[in-house]
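Undergrad: Take a look at the following structure, please.
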Amino acid sequence: MTKNLLIIISISTSIFAQNMNDFAKEQMDGFKKEKSKFSTYKDNTYKEFQEYKTKQNKAFLEYQKELNSFWKNPKFSTNKAWVSYTKDKKTQTDVDFEKETIIIKTIANSKKFATQRLQNALKKVITIDTKTAYQNDPLEQRLAKIKKPIGMIDKPLKAEPILTTVIFEKMPTQAQIDSYVHKNTLNINVEKSTKIRHENIYSVAVVLPKNSMIKRSKLYYKDVKKQANKQNIPIPLVFAIMHSESSFNPRARSHVPAYGLMQIVPRTAGIDTYYYLYKKKRLVSGRYLYDSTNNITMGTAYLHILYYKYLKDIKNPDSRLFCTIAAYNTGAGNVAWAFTKTNNMKKAAPRINKLTPKQVYNRLLRDLKYDEPKHYLKKVSKRMAAYHKVYGF
């Protein structure tokens, strides 16, 4: 870690470190009262939620089987890629937010017909909003029909742009959309390998603008600023977490499952965070977490819980920040393990407090139990410095 990176991190943490002790004490009074309440709730909902997940997995496998009739290796959405299919399953659109590309493939019996399908798919993906994308997704609609656990919070999505503001400076005219689509479907690739006789797979690859990541982040600036200030968390940290978790993919979903921009897991962090925010013990649905405002509200609140509750005994704000970043990915217990080979943060904190922030950072990179949180800590720390430069906080 460079000296400049630590300086920038220190600038960000100093914004909220001055009142840290008083603020942390106030939060802990509430946290202690909440602990026994939501731990019991999580135990009681475990079985019901597992049954719900089992039904979801069954629906997913059925849909996958149907896609296998058309595609040798059908793709599905991940935390950083949004993959969708047309109703007839013959056209696949893969938006990779991390690589900043759109790959569209279609199965057709002629290049002329394929071109039309590819153009329609590209036109759709560059103009569609989050609400319509959810409503048009065959898999999501199947999952929506599954009976939800009692008391699960599920709200309709609001319509937000996905790629329109990334590709165009302002809302495009129909002529601008048509021009963009025509330009990006001139070079069509053909694959002979297909499961359907007398048909080929045709594809186009579109590269998103180089600054699309920053443009995507600006869509969420208002919510990030509001929630970061409310939870006394550095604004660059929230952006860096979002970038690292989803590359600002509003349709992000991982196998855990975790949902949305900040990849919230409903049954663990979701329950704790919803209770902290609204004093109600509730599960939240995937659709609830696909809403950017809900997701940013919960993700920022979870950072607050980590920083002001689980890691409260770490005195240096920079050291605590590095531990918070790692804990967001791997849990506070695994952070403690890096210092004590136990999951007990009470034992780890005194050892952490004897180290400088740079030593804490290096210790985490060396002794965290898994490689993923090590890479995560590096990425988030560097991106935090980058977003500090972009937004000036």
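Undergrad: Taking all protein chains in place and a 1.4 Å probe, what share, in percent, of the accessible surface of segment 138-289 do carbon and sulfur account for?
TA: Whole-percent figure for carbon plus sulfur exposure: 54.
Undergrad: Could you give the length gained by full extension between Y46 and T268, i.e. 0.36 nm per residue of separation minus their alpha carbon distance, to one decimal place?
TA: 78.9 nm is the gain from fully extending Y46 to T268.
Undergrad: With angles folded into 0 to 90 degrees, how steeply does helix 174-183 sit against the dominant principal axis of the chain? Use alpha carbons for both and round to 10.
TA: The helix 174-183 is inclined about 80 degrees to the chain.
Undergrad: For the chain, what does the helix formula give at 222 nm: sum of -39500 (n - 2.57) over DSSP H segments with n ≥ 4, over the residue count, nearest 500 deg cm²/dmol?
TA: Roughly -18500 deg cm²/dmol at 222 nm, from the helical runs in the chain.
Undergrad: Give me the number: length gained by fully extending T86 to K341, i.e. 0.36 nm times residue separation minus the C-alpha to C-alpha distance, one decimal in nm.
TA: Values: separation 255, 0.36 × 255 = 91.80 nm, distance 4.98 nm.
Once the chain is fully extended between T86 and K341, it gains 86.8 nm.
Undergrad: Among residues other than K346 whose Cβ falls under 12 Å from its Cβ, what is the net charge (Lys/Arg +1, Asp/Glu -1)?
TA: Charge balance near K346 sits at +2.
Undergrad: I would also like to ask the following. Need one value: the accessible area of W71 in square angstrom, 1.4 angstrom probe, rounded to the nearest 10.
TA: Its accessible surface works out to 10 Å², give or take rounding.
Undergrad: Run the numbers on the chain and let me know its relative contact order in percent, using alpha-carbon pairs under 8 Å that are six or more apart. Intermediate results must be reported in sequence, preceding the final value.
TA: Numbers: 591 pairs, mean separation 73.3, N = 393.
Averaging sequence separation for qualifying contacts and normalising by length gives 19 percent for the chain.
Undergrad: Taking +1 at the Cβ of each Lys and Arg and -1 at the Cβ of each Asp and Glu, which of Y361, F393, Q176 sits farthest along the dipole of the chain towards its positive end, judged by Cα position relative to the Cα centre?
TA: Y361
Undergrad: Could you do me a favour and compute the accessible area per residue for the chain, 1.4 Å probe, result in Å²? The partial results should precede the final answer.
TA: Details: 18930 Å² over 393 residues.
About 48 Å² of surface per residue is accessible.
Undergrad: Counting only the backbone N, which residues of segment 134-176 are under 12 Å from the spot 7 Å out from the Cα of E98 toward its beta-carbon?
TA: Once the point is set 7 Å along Cα→Cβ of E98, nothing inside segment 134-176 turns out to lie under 12 Å by backbone N.
Undergrad: Moving on. Estimate the FRET efficiency between H198 and L355 by the formula 1/(1 + (r/R0)^6), using the beta-carbon distance for r and 41 Å for R0, to the nearest 0.05.
TA: Using R0 = 41 Å, I get an efficiency of 0.05.
Undergrad: Okay, moving on. Beta carbons within 10 angstrom, averaged per residue: use that to sort the peptides 284-297, 222-235, highest first.
TA: Going by the mean number of other Cβ atoms within 10 Å, highest first, we get 284-297, 222-235.
Undergrad: Beyond a 23 Å Cα-Cα separation, which of these cross-linked pairs lie in this structure: K47/K145; K354/K374; K280/K309; K155/K281; K230/K309; K279/K378?
TA: K279/K378
Undergrad: Given V335, S254, A269, which one lies farthest toward the positive end of the charge dipole of segment 252-388, if we put +1 on the Cβ of every Lys and Arg and -1 on the Cβ of every Asp and Glu?
TA: V335
Undergrad: For a protection proxy built on the mean count of beta-carbon atoms within 10 angstrom, sort 201-208, 329-336 highest first, please.
TA: Working: 201-208: 18.9, 329-336: 21.2.
With the highest mean Cβ count within 10 Å placed first, the list reads 329-336, 201-208.
Undergrad: If the only charges are +1 at each Lys and Arg Cβ and -1 at each Asp and Glu Cβ, what is the size of the charge dipole of segment 230-291 around the Cα centre, to the nearest 20 debye?
TA: Working: 9 positive and 3 negative charges, 69 e Å.
I would put it at about 340 debye.
The values are calculated or read from the model by the stated rules, or taken from the named source; none is laboratory data. None of these values were measured; they are calculated from a predicted model. Neighbour counts are summed over all protein chains in view; Cβ atoms, including those assigned to glycine, are modelled from backbone coordinates with ideal geometry. Just the protein is used for accessible areas: all its heavy atoms, side chains included, with ligands, DNA and RNA removed. Shrake-Rupley method; radii C 1.70, N 1.55, O 1.52, S 1.80 Å.
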